[in-house]
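Here the structure comes first, spelled out in structure tokens, and everything after it is commentary.
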Amino acid sequence: MPQAFQDKASGTLFGVALNYRGLLDSRLAEFQQPPYQKPPVKPVLFIKTPNTRNGEGQPVTIPRGECLTAGPALGVVIGRAASRVGVGQALEHIAGYTVINEFSLPEDSYYRPAVKAKCRDGFCGIGAQLVPSEEVPDPQLLPIRLYVNGELRQENTTANMVRSVAELISELSEFMTLEAGDVLITGVPEGRVELHAGDRVRVEIPGVGSLTNTVVAE
């Protein structure tokens, strides 16, 4: 990533699980069972640790004996501190948007995203571009596409988010201050795609940019 962008997106990487309607709906029966008894009523958060940061054109490694999945997502970079902000003011705290590939190992529990699955080295690809917030009129009208070796393997839209970008910022800022430079990974659509060594994986969000990584074996 260019140094100027690194400086603007150098904070904590916050992930949000179950933030696409199709994914949440597919798990509703599971959430009715013990110990949960009901779907989550607040955003399900996890953190991608600093070692997960990866960039345009960089390799991502499949740990030996494991399965790697792609996670196309819209990234939101905070531009100024947000604490207890309302939905109507939330977008004013955004510096801009970027493309994320939130790589992961398969997960057993969406209620408790596993550090072991989420925080391997290089497991958070971040696009090289930061598109200023004023150039994205509505972050809820963005197509998201995943290509593997040039083949379209996954397609969705931010219109299908359970919570909008503004709602996420508002709800998270209720209990913690989001600082300038923090990156909010706004969720991965249903249908995680398995990747294999040698695959070239590209995430595209028209109006925001693209991100390409190559998968390598450990």
task: Would you calculate the separation in nanometres between label points at ALA114 and ASN149, each defined as 7 Å from the Cα along the Cα-to-beta-carbon direction?
output: 2.8
statement: Taking only protein heavy atoms and a 1.4 Å probe, the highest-to-lowest accessible-area order of ASP182, ASP121, ASP138 is ASP121, ASP138, ASP182
statement: Once all protein chains are kept in place, LYS116 shows an accessible area at probe 1.4 Å, nearest 10 Å², of 140
- prompt: Which whole-number value in Å² is the accessible area per residue of the stretch 83-218, probe 1.4 Å?
  reply: 43
- request: Using a 10 Å cut-off on Cβ atoms, rank the peptides 62-70, 89-97 from the highest mean neighbour count down.
  value: 89-97, 62-70
- prompt: What nm value, rounded to one decimal, do you get for the distance between ILE47 and ALA159 when each label is placed 7 Å out toward the C-beta?
  reply: 3.6
Aspartates and glutamates whose Cα lies under 15 Å from that of LYS116, excluding same-chain neighbours fewer than 8 positions away: GLU66, GLU102, GLU107, ASP108
Length released on extending from VAL216 to GLU179, taking residue separation times 0.36 nm less the Cα-Cα span: 9.9 nm
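The values are calculated or read from the model by the stated rules, or taken from the named source; none is laboratory data. In this text the structure is predicted, and so the values were computed from the model without any measurement. A quick note on method: Cβ atoms are made from the backbone with ideal geometry, for glycine too, and the neighbour counts reach across all protein chains shown. When the accessible area is computed, the model is the full protein with side chains, heavy atoms only, and any ligands, DNA or RNA have been set aside. Shrake-Rupley method; radii C 1.70, N 1.55, O 1.52, S 1.80 Å.
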